[in-house]
Amino acid sequence: YSLSEAPTPDHYRHYRINHKAGSTSTSRYIHFPGIPWNLLSSLSSGADWEYTQPRQYSLSEAPAPDHYRITVKEDPAGSVSRYIHGGVLEGQVIPISPPFGCFTLSAIDRDAPLALISAGAGMTPMMSMLQTILARQADRKVQWLHATDQGREHMFRDFLIATAKENENFDRDVWYAHPDPLKDQKGVGKHYQHEGFVNLNDVREKLADPKMHYLLCGPHPFMESCCKQLKEWGVGLERIHYEHFGSSQAMAA
């Protein structure tokens, strides 16, 4: 909290959920009304929205004056995500804190091209950043790299496909680790471009701009692998930004 200059954890307010719907078969998004704290000027895309300590969920779209959205993937072993999927209802009132966090666009040069690199639910802060860029800097170069298991878990797929068609400065590459041989076969080249695990060398030419900044979010092994490849290319740590799921862990030097 102190690093992000947000209120302390005891500054909770009670909010009524005004919309809940499915993003994929394994994820749900929730809309809250706009927050009463005087944070609109300092709120940054990608900041976390805390449901209950120690559960933090990233904003998954650009901050709006009248609402904020989080998207939660259900984890069969996760009590909070299962509660959000099955127990939280529209109209229900729950305590939440203001958004906070340091994984934001504000820490990066405004003109730098970006590579948004995510796996699974690590896509959510990237969505918030992307939508902010599209609204405010449509001419900014953005390379979107995402890994997921298969099509049924591919969040915001149709929005991203449409964005790539409509904006020449936005390009996307998606990896399906285990594509469904029946349901995903027709999506090759459209829904996803690569099969298996992410290898940045597959798209190295798209990531070669010496001014590019790389933002990573996903499971620790995924980010370790991507960070290792970037450093092998000579990318300085000042251009690599990341946020972990769960408790924070330092990346290997």
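The values are calculated or read from the model by the stated rules, or taken from the named source; none is laboratory data. The structure displayed is predicted, hence computed values, not measured ones. All Cβ positions, even for glycine, are placed from backbone atoms using ideal geometry, and neighbour counts span all protein chains on display. We work out accessible area using only protein heavy atoms, side chains counted, and drop any ligands, DNA or RNA first. Shrake-Rupley method; radii C 1.70, N 1.55, O 1.52, S 1.80 Å.
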In this structure, is E224 more than 30 Å from F100 (Cβ to Cβ) and of a type in the set (D, E, K, R)?
no
Hey, among the residues in the range 163-186 that are open to solvent by 30 Å² or more (accessible area, probe 1.4 Å) and hydrophobic (A, V, I, L, M, F, W, C), which one's nearest to D139 (Cα to Cα)?
A164
Can you tell me which of D149, D158 is under 20 Å from the mean Cα position of the chain (by Cα), open to solvent by 40 Å² or more (accessible area, probe 1.4 Å) and without any contact (Cβ under 8 Å) to a residue 24 or more places away in the chain?
D158
Tell me whether the range 149-169 contains one or more residues that are closer than 24 Å to E74 by Cβ and touching a Gly at 6+ places or on another chain (Cβ under 7 Å).
yes
Give me the residue from the range 198-248 that is part of a helix (DSSP H, G or I) and among the basic types (K, R) and, out of that set, surrounded by the most Cβ atoms within 10 Å (Cβ to Cβ).
R239
Would you be able to say whether some residue in the range 193-216 is without any contact (Cβ under 8 Å) to a residue 60 or more places away in the chain and among the hydroxyl-bearing types (S, T, Y)?
no
Residues that are farther than 19 Å from L230 by Cβ and basic (K, R), drawn from the range 170-215
K183, K186, K190
Residues that are in a helix (DSSP H, G or I) and modelled with pLDDT of 75 or more: does the range 92-106 have at least one?
yes
The range 161-188: number of residues that are aliphatic (A, V, I, L, M), within 21 Å of the chain's Cα centre (by Cα) and more than 18 Å from G120 (Cβ to Cβ):
3
